[in-house]
Amino acid sequence: MTEALMARMTGGLSPAAMALACADWGIHLASAPGKRAELGLKAWRKANRLAGYMARASVDPKTPPVIEPLPGDERFSTPAWQKWPFSLYAQSFLMAQQWWHNATHEVPGTSRHAQDVTAFVARQMLDMSSPSNFPMTNPDVLARAHEEKGANFMRGFQNALEDMAAMGSNEPAIGTEAFRPGVEVAVTPGQVVYRNHLIELIQYSPTTPDVFAEPVLLIPAWIMKYYILDLSPHNSLVRDLVARGHTVFCISWRNVTAEDRNVGLDDYRKLGVLAALDAINAIVPGAKVHATGYCLGGTLLAIAAAAMARVRDDRLASVSLFAAQTDFTEPGELQLFIDESQLHFLESMMWDQGYLSADQMAGAFQMLHSNDLVWSRLVQDYLMGGRAPMIDLMAWNADSTRMPYRMHSEYLRQLFLDNAFASGQYIVDGHPAALPNIRVPMFAVGTERDHVAPWRSVYKLHFLADTEVTFVLTSGGHNAGIVSEPGHAHRHFRIRRKAASDAYISPDEWVAGAQAEAGSWWPEWSAWLAARSSPQRVAPPQMGAPAAGYAPLEPAPGTYVLQR
């Protein structure tokens with residue numbers, strides 16, 4: 001209870017975990033005179049370079065900078081930042097940022113995890129103190145205030161009041177009201193044909209006179225609402241699949257409450273994946289299923305498929321995994337928050353609530369990229385007096401869900417911390433669920449800028465699976481890389497197939513041998529599904545199977561997606 005109360009004040013971050021990491025770094029730095037001497041020398045050189053720049057720039061405004069921002073850092077990109085004295089503010093900050101990077105890395109004897117956590121803490125302090133965050137040191141804010149005679153601050157104050165009111169009343173972010181499930185988004189026609197305690201199964205209405213014999217089952221993560229796969233009509237993966245002649249089913253997860261605290265990961269497998277397959281088998285008798293999982297839904301699908309393969313359950317025609325990890329040895333930046341101390345702290349918070357809400361997790365995600373997701377937004381909304389226009393993907397991201405205490409604890413401890421699935425130690429029905437047991441072809445998608453499921457981690461499926469694997473590396477991040485409809489500008493992807501008998505190659509070798517292609521990867525995946533389906537197309541199946549107990553219950557998007 002003490003830790004649960006403390007977690008409310010720290011946003012779920014364990015002070016003990018942070019203190020241990022910083023102590024590890026500090027003790028080893030204190031016992032490394034060579035590293036300290038190196039840092040002192042770097043500080044002296046940077047001070048000299050900055051002093052020289054200050055002297056030259058004071059008389060010549062065109063003096064080139066002595067240090068450039070890191071790629072993707074747009075805080076100092078406008079011409080106003082090149083003028084004195086704002087250029088000096090920016091250069092001083094970038095010099096300090098570089099020095100702290102050197103100070104927190106390559107300290108002899110420091111563990112990799114402690115180094116990463118310490119660098120994270122230093123980055124938070126630096127991002128907070130950036131001159132771009134303060135009106136008197138940000139030339140763009142000053143120019144806007146002069147131009148509008150301070151009206152931008154009045155609008156910013158109004159924006160802050162609106163955000164605080166929405167946060168205090170647990171209402172969604174301003175602008176999301178224009179993207180309502182079933183009205184503006186999640187509008188592909190269909191019917192809810194099955195419902196249990198955890199899922200609603202949606203069957204989508206066909207739009208072609210005939211369809212592929214094998215249906216497609218979409219399994220999103222329950223950390224998100226399902227309609228990431230059915231956003232607006234122009235960027236709906238569901239609509240695209242239906243238009244190409246696929247019979248599509250999609251799971252919509254229930255938004256759990258504190259009463260579901262003891263729902264475990266295996267309950268999601270049974271009441272989610274297996275229950276959906278049972279329903280599909282009744283609606284489309286005798287047809288195998290192209291099962292597809294996204295993010296955590298992909299990890300769950302891989303576990304379910306491995307367990308099915310062990311007992312010779314051959315209902316799957318293929319397995320597709322979108323931005324889903326099966327090996328968690330390199331899970332990306334989220335590993336900053338996964339160690340024994342942090343996990344115990346998080347479990348205490350979930351024990352108190354009975355669940356972990358996605359907005360509590362959102363704080364961790366935002367801090368990983370606080371420059372882009374926190375401070376830049378605060379400057380834009382509260383100092384500049386603007387509002388970033390809401391889009392469907394942003395509105396979906398604000399439509400958060402909750403995860404049960406037991407399930408999330410099992411997921412973090414068994415998969416993240418112990419990597420039990422990849423090591424063959426994840427037990428299902430008393431036996432290990434092992435990926436090498438899967439014999440159906442697999443299709444995996446990684447995204448270039450994914451900080452949730454880094455593509456190199458997703459790529460490890462090649463090392464674990466003993467079957468044909470087709471891998472796609474697409475532009476974008478964890479969400480935008482998957483929502484990559486045909487016609488979307490500036491998108492590209494690479495694709496390469498590995499037969500079961502082919503030798504394993506490293507991620508770098510894979511990239512070198514896979515040519516980049518412009519456009520969306522969706523048509524490639526649809527063609528891949530078609531090539532692994534029966535050659536003879538059939539008449540569309542009926543909606544539901546009333547005689548088997550799967551009568552249509554209500555139109556899509558159903559009820560569970562509306563739960564908050």
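The values are calculated or read from the model by the stated rules, or taken from the named source; none is laboratory data. The shown structure was predicted, so the numbers you read here are calculated from the model rather than taken from an experiment. Cβ coordinates were reconstructed from backbone atoms using ideal geometry, including for glycine residues, and neighbour counts include every protein chain displayed. Note: accessible area is taken over every heavy atom of the protein model, side chains too, but ligands, DNA and RNA are not part of it. Shrake-Rupley method; radii C 1.70, N 1.55, O 1.52, S 1.80 Å.
Among the conditions (1) open to solvent by less than 20 Å² (accessible area, probe 1.4 Å); (2) charged (D, E, K, R); (3) part of a loop (DSSP other than H, G, I, E, B), the only one that Glu171 does not satisfy is (1). Only one of the listed residues (Gly52, Gly34) is open to solvent by 40 Å² or more (accessible area, probe 1.4 Å), more than 26 Å from Ser341 (Cβ to Cβ) and assigned to a helix (DSSP H, G or I). That residue is Gly34.
One residue stands out among those in segment 133-163 that are in contact (Cβ under 8 Å) with a residue 24 or more places away in the chain and among the basic types (Lys, Arg): the one that is farthest from Val374 (Cα to Cα), which is Arg144.
Within segment 429-454, track down each residue that is open to solvent by 30 Å² or more (accessible area, probe 1.4 Å) and either of a type outside the set (D, E, K, R) or under 18 Å from the mean Cα position of the chain (by Cα) (or both). Selection gives Gly430, His431, Pro432, Pro436, Asn437, Val440, Glu448, Arg449, His451. For Ala166, indicate whether it is outside any loop (DSSP other than H, G, I, E, B), surrounded by fewer than 21 Cβ atoms within 10 Å (Cβ to Cβ) and either on the phi > 0 side of the Ramachandran plot or of a type in the set (A, V, I, L, M) (or both). Judged against the criteria, Ala166 is a match. Of everything in segment 513-545 that's at pLDDT 95 or above, of a type in the set (Gly, Ala, Ser) and part of a helix (DSSP H, G or I), which residue is nearest to the chain's Cα centre (by Cα)? This residue is Ser526.
Quick one: would you say Met1 is surrounded by fewer than 14 Cβ atoms within 10 Å (Cβ to Cβ) and touching a residue at least 40 places away in the same chain (Cβ under 8 Å)? So Met1 fits the description; yes.
Among the candidates Leu417, Leu461, Leu473, Leu412, the residue that is out of contact with any strand residue (DSSP E or B) (no Cβ under 8 Å at 6 or more places or on another chain) and either open to solvent by 20 Å² or more (accessible area, probe 1.4 Å) or closer than 30 Å to Ala531 by Cβ (or both) is uniquely Leu417. Candidates are the residues of segment 177-218 that are assigned to a strand (DSSP E or B) and farther than 22 Å from Leu529 by Cβ; the one that is most open to solvent (accessible area, probe 1.4 Å) is Arg195.
Pairing each residue of segment 491-504 that is open to solvent by 70 Å² or more (accessible area, probe 1.4 Å) with any residue that is among the small types (Gly, Ala, Ser), provided the two are 6+ apart or on different chains, yields C-beta distances under 9 Å for Arg496/Gly513; Arg496/Ala514.
None of Ser423, Ser484 is closer than 30 Å to Trp351 by Cα and at pLDDT below 95 except Ser423.
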